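Down below is the structure, laid out as structure tokens.
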Amino acid sequence: TSNQMWGGRFASGPDAIMEEINASIDFDRKLSAQDIEGSLAHVAMLADTGIVSGDDRDRIVAGLNTILSEINAGTFTFSRQLEDIHMNIESRLADLVGPAAGRLHTARSRNDQVAVDFRMWVRAELEKSVAALGALMAAFLDKAEEHADTVMPGFTHLQTAQPVTFGHHCMAYVEMFSRDRSRMRDALARLDECPLGAAALAGTGFPIDRHQTARALGFSGPTRNSIDTVSDRDFALEFLSAAAICGTHLSRLAEEIVIWSTPQFGFVRLSDAFSTGSSIMPQKKNPDAAELVRAKTGRINGALIALLTVMKGLPLAYSKDMQEDKEQVFDAAATLELAIAAMTGMIRDLQVLPDAMRHAAGAGYSTATDLADWLVRVAGLPFREAHHVTGQAVALAEEKGCDLSGLELADLQSINDAITDDVYSVLSVEASVASRTSFGGAAPDEVRRQITWWRKHL
Ligand code: ARG
């Protein structure tokens, strides 16, 4: 039998394989709430502009509300023959309210319909991400406050570089996740235009009020070009790119947690709630959640590349290729949500081991820069010469098997006779950290200042 929506020019129905490749109902049923919301706004506008009668509107509204409760109750039968969520709902509406149902699709196409549904879905997901990132940032702020004075090694090349504090390190992640949150907010701002009324691609001759439907659906106004409107999936691409960058940050954090929780580093201990054991090795406590967050970033990146690839060759306006947008976004959104939640739990529960951090901070001549800076400040050496002198001191300490503060004054003076006893005041890790008072630096008071600023801007 031919299709009930467009059967007029068709003698037969689709091949089974055609139906399989064409149907999107198995995944786009996720858009059912948005689809009904969009239809309710559309039919209200059609009645207000006199395009349909008040009676038909009332029948359609009642039918749509029944369908919504059927879907919520799990009693709605989704059918593959009806291809997608839009036609599943319209077909059920016809069962429920008869011929009036056929008036709902006046001045509308599935092209603007799916664009508005999907935009609303992505909008909700962006809002969820903004909130979830706020919670993650708050978890980091609490840790940072608690550990503003906890000295740890800072790294470059994963080699000990200069002492910092765990609080300072936590605040680095606050900055990273705040940029992710702001990218999500930027995407929300650009997404804030309503596609409904673009119809198939050219607009419509019916006297619709696009401003009314835009307002009803929570948008600032309608999109300005009907061709662009049904061709555009930038809102999905922006969500995916913001998600991919965020996933990259989560993955870097996951990697640090994996490293820090090894017995070799021993900087942190994961809670039992966010780690697993081994089925054979009784001593093991594995950072599985962190590893999975690191891995799931791959799915999000994959979704971004998949949708970019779907879109890159498409002529304007709508092409069916665009139906492939949804699964990618659905999967990436669920993945991101889970990854942020897992990370927030891990950070909240994270037990920090300050002794191990402090011990590691002192290793690897981490205060060498402080010695060089002292030579510049107190002994008046040019920095390049101070760098050279300090290099010699490090070589000597290495030879003697001690750290810089373990060198005798006489040893240091044999390298440069301007060195006095005062130098020892800068060679400890605490002194080093305390001296980094520049804006954004590692000094505990500066970190506390940044925490205070973020408490107000969270
Ligand atoms: N299921 C379709 C999609 O997801 C809806 C739009 C179909 N439009 C069309 N002209 N075939 O994109």
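Of the residues in region 79-95, none is in a loop (DSSP other than H, G, I, E, B), open to solvent by 60 Å² or more (accessible area, probe 1.4 Å) and more than 15 Å from the ligand (Cβ to nearest atom).
If you filter region 414-436 down to residues that are among the polar types (S, T, N, Q) and not in a helix (DSSP H, G or I), you find that the one that is nearest to TYR365 (Cα to Cα) is SER428. In region 354-370, of all residues being out of contact with any helix residue (DSSP H, G or I) (no Cβ under 6 Å at 6 or more places or on another chain) and open to solvent by 40 Å² or more (accessible area, probe 1.4 Å), the one that is nearest to ALA115 (Cα to Cα) corresponds to PRO354.
For region 4-19, which residues satisfy the criterion of being open to solvent by 70 Å² or more (accessible area, probe 1.4 Å) and in contact (Cβ under 8 Å) with a residue 12 or more places away in the chain? Spell out how you get there, then give the answer.
The first filter runs over region 4-19 and keeps only residues open to solvent by 70 Å² or more (accessible area, probe 1.4 Å), leaving 4, 6, 8-12, 14-18.
Result: GLN4, single match.
Kindly indicate whether any position in region 139-161 is under 24 Å from ASP28 (Cα atoms), buried (at least 24 other Cβ atoms within 10 Å of the Cβ) and either within 16 Å of the ligand (Cβ to nearest atom) or touching a residue at least 24 places away in the same chain (Cβ under 8 Å) (or both). Lay out the reasoning, then the answer.
Within region 139-161, the first condition is being under 24 Å from ASP28 (Cα atoms), and the residues that meet it are none.
No - not one qualifying residue is present in region 139-161.
Looking at the structure I just gave you, is ALA33 under 20 Å from ASN111 (Cα atoms), of a type in the set (A, V, I, L, M, F, W, C) and open to solvent by 50 Å² or more (accessible area, probe 1.4 Å)? Before you say what the answer is, go through the steps one by one.
Details: under 20 Å from ASN111 (Cα atoms): yes; of a type in the set (A, V, I, L, M, F, W, C): yes; open to solvent by 50 Å² or more (accessible area, probe 1.4 Å): yes.
Criteria met by ALA33.
Among the residues of region 18-32, none qualifies, meaning not one is hydrophobic (A, V, I, L, M, F, W, C) and more than 16 Å from the ligand (Cβ to nearest atom).
Can you pull out every residue in region 131-143 that is over 11 Å from LEU458 (Cα atoms) and in contact with a helix residue (DSSP H, G or I) (Cβ under 7 Å, 6 or more places away or on another chain)? Before you say what the answer is, go through the steps one by one.
Restricting attention to region 131-143, the residues satisfying the condition of being over 11 Å from LEU458 (Cα atoms) are 132, 139-140, 142-143.
Hits for region 131-143 are ALA132, ALA139, PHE140, LYS143.
Scanning region 364-377 for residues that are assigned to a helix (DSSP H, G or I) and touching a residue at least 24 places away in the same chain (Cβ under 8 Å) returns ALA368, THR369, ASP370, LEU371, ASP373, TRP374, LEU375. Residue by residue through region 51-77, note down the ones that are open to solvent by 50 Å² or more (accessible area, probe 1.4 Å) and in contact (Cβ under 8 Å) with a residue 40 or more places away in the chain. Of everything in region 51-77, those that are open to solvent by 50 Å² or more (accessible area, probe 1.4 Å) and in contact (Cβ under 8 Å) with a residue 40 or more places away in the chain turn out to be ASP55, ARG59. Every residue in region 96-125 that is within 13 Å of the ligand (Cβ to nearest atom), out of contact with any Gly (no Cβ under 9 Å at 6 or more places or on another chain) and among the basic types (Lys, Arg), please. Residues satisfying the conditions are ARG110, ARG119. Kindly evaluate PHE118 against the criterion of being among the aromatic types (Phe, Trp, Tyr) and in a helix (DSSP H, G or I). So PHE118 fits the description; yes.
Being under 23 Å from VAL116 (Cβ atoms), open to solvent by 60 Å² or more (accessible area, probe 1.4 Å) and within 16 Å of the ligand (Cβ to nearest atom) is a condition met by no residue of region 298-307.
Flag set for VAL43, criterion: of a type in the set (Val, Ile, Thr) and away from the ligand (no atom under 16 Å from the Cβ). Restricting attention to region 126-138, report how many residues are open to solvent by less than 10 Å² (accessible area, probe 1.4 Å) and either within 16 Å of the ligand (Cβ to nearest atom) or β-branched (Val, Ile, Thr) (or both). Residues meeting the conditions: 0.
Consider ASP35 carefully, then state whether it is in contact with a Lys or Arg (Cβ under 8 Å, 6 or more places away or on another chain) and within 12 Å of the ligand (Cβ to nearest atom). First the steps, then the outcome.
Working: in contact with a Lys or Arg (Cβ under 8 Å, 6 or more places away or on another chain): no; within 12 Å of the ligand (Cβ to nearest atom): yes.
Against the criterion (in contact with a Lys or Arg (Cβ under 8 Å, 6 or more places away or on another chain) and within 12 Å of the ligand (Cβ to nearest atom)), ASP35 does not qualify.
Scanning region 322-344 for residues that are away from the ligand (no atom under 16 Å from the Cβ) and either basic (Lys, Arg) or surrounded by fewer than 17 Cβ atoms within 10 Å (Cβ to Cβ) (or both) gives ALA334, GLU337, LEU338, ALA341.
Within region 69-77, is even one residue closer than 25 Å to ALA334 by Cβ, within 12 Å of the ligand (Cβ to nearest atom) and modelled with pLDDT of 95 or more? The answer is no; no qualifying residue exists.
Scan region 400-421 and tell me whether some residue there is among the basic types (Lys, Arg) and over 30 Å from MET171 (Cα atoms). Give the derivation first.
Going residue by residue through region 400-421, those that are among the basic types (Lys, Arg) are 400.
Restricting the remaining residues to those that are over 30 Å from MET171 (Cα atoms) gives 400.
Yes, because at least one residue in region 400-421 is among the basic types (Lys, Arg) and over 30 Å from MET171 (Cα atoms).
The values are calculated or read from the model by the stated rules, or taken from the named source; none is laboratory data. All values reported here derive from a predicted model rather than from experimental measurement. Neighbour counts run over all protein chains shown; Cβ positions are idealised from the backbone, glycine included. Accessible surface is based on the protein model in full, side chains and every heavy atom, while ligands, DNA and RNA are left aside. Shrake-Rupley method; radii C 1.70, N 1.55, O 1.52, S 1.80 Å.
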